[in-house]
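The values are calculated or read from the model by the stated rules, or taken from the named source; none is laboratory data. It should be emphasised that the depicted structure is a prediction, and the values quoted were computed from it without experimental measurement. Every residue, glycine as well, gets a Cβ built from its backbone with ideal geometry; the counts of neighbours run over all protein chains shown.
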Amino acid sequence: MSLSEITFKCPLCKAIQVRAFEHAHQRDYFGCDVCRLVFLAPEQWLGFEDEIARYEAHENDPTDAGYRDFLSRVADPLVQLLQLGDMGLDYGSGPGPTLSLMLEEKGFPTANYDPVFAPDKTVLRRSYDFITCTETVEHFFYPEKEFDGFHHVLRPGGWLAVMTEVWSEDLALLDWSYARDPTHVCFYHVETMMWLAEHYGWQMQSPHRNVFLFQQQ
């Protein structure tokens, strides 16, 4: 069976209008014509042990000024929208939780969740005034399930802050460093973010080219 003959439902919007998108980095990607998500063929996902090894190689140091500056793209505009004392969740906090520390320093208590490094799922049964998800949504095997979860635990008026690099029509995956990471299995277009906002009834703003803030209604 050729690549063009393989069919999938979109893992985000479940549309069947999915087509072969690009073969790059020895991997096959598909594109959804409804929500514009680009995603890796599921049979080419990394095995669990290989995936964990890639994550453990990340050097997320809470004392690294450069890393904190990078995360400030999310933290700075987000805190302008919050009330002092609002409680949040950093989803996908990684091996060196840093954003949660930055937010707590500013007066916003923040719990951590990471399926590998902070896997306590009890935090997912609480409700929050805000959720941060930085450099994480591109790792989602089942993005519909993940975003449904955010929608469920966000309080009315709460904020979901997403940071991820987005693809555009003038960008070939073969030339895009973001696509070289085999743990990056979903790539979002600006129109994908707009689809998310419409689907969940969120209000969206984008203070940076790769930062999207969604408000629960």
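This table checks each residue for (1) outside any helix (DSSP H, G or I); (2) closer than 23 Å to PHE150 by Cα; (3) of a type in the set (Asp, Glu).
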site: ASP170; (1), (2), (3): yes, no, yes
site: HIS184; (1), (2), (3): yes, yes, no
site: PHE187; (1), (2), (3): yes, yes, no
site: GLU191; (1), (2), (3): no, yes, yes
site: MET194; (1), (2), (3): no, yes, no
site: ALA197; (1), (2), (3): no, yes, no
site: GLN205; (1), (2), (3): yes, yes, no
site: PHE212; (1), (2), (3): yes, yes, no
site: GLN217; (1), (2), (3): yes, yes, no
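The set of residues from segment 95-112 being assigned to a loop (DSSP other than H, G, I, E, B) and touching a Pro at 6+ places or on another chain (Cβ under 9 Å) comprises GLY96, PRO97, THR98. Exactly one residue among LYS121, LYS106 is on the phi < 0 side of the Ramachandran plot, exposed (fewer than 13 other Cβ atoms within 10 Å of the Cβ) and either free of Cβ contacts under 8 Å to residues at least 60 places away in the same chain or of a type in the set (Gly, Ala, Ser) (or both), and that residue is LYS121.
Here MET193 meets the list (1) surrounded by fewer than 17 Cβ atoms within 10 Å (Cβ to Cβ); (2) hydrophobic (A, V, I, L, M, F, W, C); (3) closer than 29 Å to GLN26 by Cα almost entirely, failing just condition (1). For THR98, the stated conditions do not hold, so it cannot be described as polar (S, T, N, Q) and modelled with pLDDT under 95. Checking each residue in segment 149-175 for being more than 14 Å from MET193 (Cα to Cα), among the charged types (D, E, K, R) and without any contact (Cβ under 8 Å) to a residue 60 or more places away in the chain picks out GLU169, ASP170, ASP175.
Kindly indicate which of GLU169, GLU198, GLU165, GLU144 is touching a Lys or Arg at 6+ places or on another chain (Cβ under 8 Å) and surrounded by fewer than 19 Cβ atoms within 10 Å (Cβ to Cβ). Lay out the reasoning, then the answer.
Details: GLU169 fails: touching a Lys or Arg at 6+ places or on another chain (Cβ under 8 Å); GLU198 fails: touching a Lys or Arg at 6+ places or on another chain (Cβ under 8 Å); GLU165 fails: touching a Lys or Arg at 6+ places or on another chain (Cβ under 8 Å).
After ruling out the rest, the residue left standing is GLU144.
Within segment 55-68, no residue that is under 13 Å from SER93 (Cα atoms) and assigned to a loop (DSSP other than H, G, I, E, B) sits with its Cβ atom under 9 Å from a residue that is modelled with pLDDT under 90 and of a type in the set (Ser, Thr, Tyr) at 6+ positions apart or across chains.
Put simply, of ASP90, ASP61 the only residue that is surrounded by 14 or more Cβ atoms within 10 Å (Cβ to Cβ) and acidic (Asp, Glu) is ASP90. As a summary of the residue check, TRP45 satisfies the conditions (1) touching a residue at least 40 places away in the same chain (Cβ under 8 Å); (2) closer than 19 Å to TRP167 by Cα; (3) among the aromatic types (Phe, Trp, Tyr) except for the one numbered (2). Just so you know, in segment 113-143 the residues that are outside any loop (DSSP other than H, G, I, E, B) and among the polar types (S, T, N, Q) include one that is nearest to VAL190 (Cα to Cα), and it is THR134.
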